[in-house]
Structures are given as C-alpha cells and as structure tokens.
Amino acid sequence: GTLAEARLVYEDGETQWLARTAAQVEAEGYCRWPRVQEVMEFARRLGVSHLGIATCVGLLHEASLLQDILEANGFQVSSVCCKVGSIPKEEIGLRDDEKIHPGQYESLCNPIGQAALLNRAGTGLNIVVGLCVGHDSLFFKHSQAPVTVLVAKDRVTGHNPVAALYTSHSYYRGLKK
C-alpha cells in the first residue's frame with residue numbers, strides 16, 4: 001500500500017540521514033530549545049555551515065535578527081527578500097482589480113527567484129521567514145536544499161497561525177462555516 005511504499009523511501013541514505021538527524025534534534029531539544037535553536041542544531045548535525053534565509057519584505061527586521069543570531073553561531077548566511085527582481089504582477093496575468101491597491105504598481109513576490117539565488121549561493125539548508133501562502137509552496141518546490149520554516153506568516157495574528165485554531169470555537173468560529 002501507500003504507506004509501505006512511503007516507508008521504503010526511508011531506505012534511501014540521504015532521506016534516512018535527514019530523518020534520523022531530525023529525530024535526534026527533536027529528542028535532545030524537546031521542550032527545552034526554541035525553534036531557532038533547533039534549526040541551528042539541525043544544520044550543525046547535518047554538517048551544513050551555509051544557511052539561506054528566504055524572507056518576506058514585511059519581516060526584514062526579523063530576518064536580520066535571525067541572520068545576526070546565525071552568524072554569531074558561526075554560520076555563513078545568504079538572505080534574499082521576496083520582492084527580488086521586481087516583476088510586475090501583470091506579467092503573471094493578474095488584473096488590476098485583483099491587486100491589493102488597484103491602479104498602483106505592485107511587484108510580484110518572487111519565491112522562484114529567491115530559491116534560484118539561494119541555489120546559486122550553495123546553501124545547505126534554507127529557512128523560510130514569513131513567505132506568503134503559496135509563495136512558500138513555490139519556494140519549497142524550487143529550492144535545491146532542504147527547507148524549514150521559522151516563521152509562518154499570518155498578518156492577522158502576529159504570525160501565530162495556530163491562534164485561529166485555538167479560537168475557532170469563539171473569535172474565529174466563522175472558519176467552520
């Protein structure tokens with residue numbers, strides 16, 4: 001069946017190594033380390049010294065703080081912002097009335113460009129800092145290095161998307177309709 005086929009993938013050396021390393025980091029840092037520390041330990045145990053940050057323009061400050069922490073811990077870091085390349089949204093077929101601010105220039109987020117630049121930089125592990133829903137999917141699809149998420153963007157909840165789940169019985173009960 002499907003799960004038996006999926007289980008066979010763990011026999012691949014690289015897959016087994018990533019899975020084992022993730023399980024080791026989980027066990028050692030369980031309920032002790034914040035996620036940023038888990039990411040650094042995962043990278044160290046993988047032998048990765050060059051990390052990539054793919055960030056949203058709205059979280060440049062947070063990405064800068066992350067880069068400072070990573071560099072203070074001995075990592076080489078390459079960062080790239082979502083608006084790299086300044087592609088007009090019309091180039092992908094978006095109508096003016098579908099923009100955030102109709103009648104104004106808006107550049108497309110370019111997660112494929114972000115992945116290409118980090119691929120070229122030779123990063124060994126990439127970290128997502130607040131890419132939009134869907135843009136993150138494109139980044140995952142085009143990144144050659146494994147990807148982990150440090151910040152999941154949610155403008156409404158201060159980048160804490162689980163808050164909507166916790167309050168789905170009250171404040172966000174409309175989500176169930």
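The values are calculated or read from the model by the stated rules, or taken from the named source; none is laboratory data. Model, not experiment: these values are computed from the prediction. Quick reminder, even Gly has a Cβ in these numbers, built from the backbone with ideal geometry, and neighbours come from all protein chains shown. Accessible surface is based on the protein model in full, side chains and every heavy atom, while ligands, DNA and RNA are left aside. Shrake-Rupley method; radii C 1.70, N 1.55, O 1.52, S 1.80 Å.
Note the angle between two axes, namely the Cα long axis of helix 13-29 and the longest principal axis of the Cα atoms of the chain, as a number of degrees from 0 to 90, rounded to the nearest 10.
90 degrees
Quick one: if you take sqrt(5λ) for each eigenvalue of the C-alpha gyration tensor of the chain, what semi-axes come out, biggest first, whole angstrom?
The equivalent ellipsoid of the chain has semi-axes of 29, 22, 19 Å.
Between region 123-177 and region 41-80, how many Å separate their Cα centres?
Using only Cα atoms, the two centres lie 18 Å from each other.
Can you give me the angle between helix 60-72 and the longest principal axis of the chain, using Cα atoms only, in degrees from 0 to 90, rounded to the nearest 10?
20 degrees
Amide H of Asn126 versus every other amide H placed in the peptide plane: which residues, excluding those fewer than 5 positions away on the same chain, fall under 5 Å?
Gly52, Val147, Thr148
If you filter region 21-128 for chymotrypsin sites (Phe, Trp or Tyr not before Pro), then keep DSSP loop positions with at most 14 other Cβ within 10 Å, what is left?
Passing both the DSSP loop test and the Cβ count: Tyr30, Tyr105.
Taking Cα pairs under 8 Å and at least six residues apart, what relative contact order does the chain come out at, in percent?
In percent, rounded to a whole number, it is 18.
Mind pulling the angle between the C-alpha long axis of helix 35-46 and the longest principal axis of the chain? Nearest 10 degrees, somewhere in 0 to 90.
50 degrees
Peptides 17-28, 163-174, 129-140, 61-72: what's the order by average Cβ count within 10 Å, highest mean first?
Ranking, from highest mean packing down: 129-140, 61-72, 17-28, 163-174.
Place +1 on the Cβ of every Lys and Arg and -1 on the Cβ of every Asp and Glu in region 30-118, take the dipole about the Cα centre, and give the residue among Ser79, Ile112, Val48 whose Cα lies farthest towards its positive end.
It is Val48, whose Cα lies furthest towards the positive end.
Percent of accessible area on region 1-106 owned by carbon and sulfur, 1.4 Å probe?
Answer for region 1-106 is 54 percent, counting heavy atoms of protein chains only.
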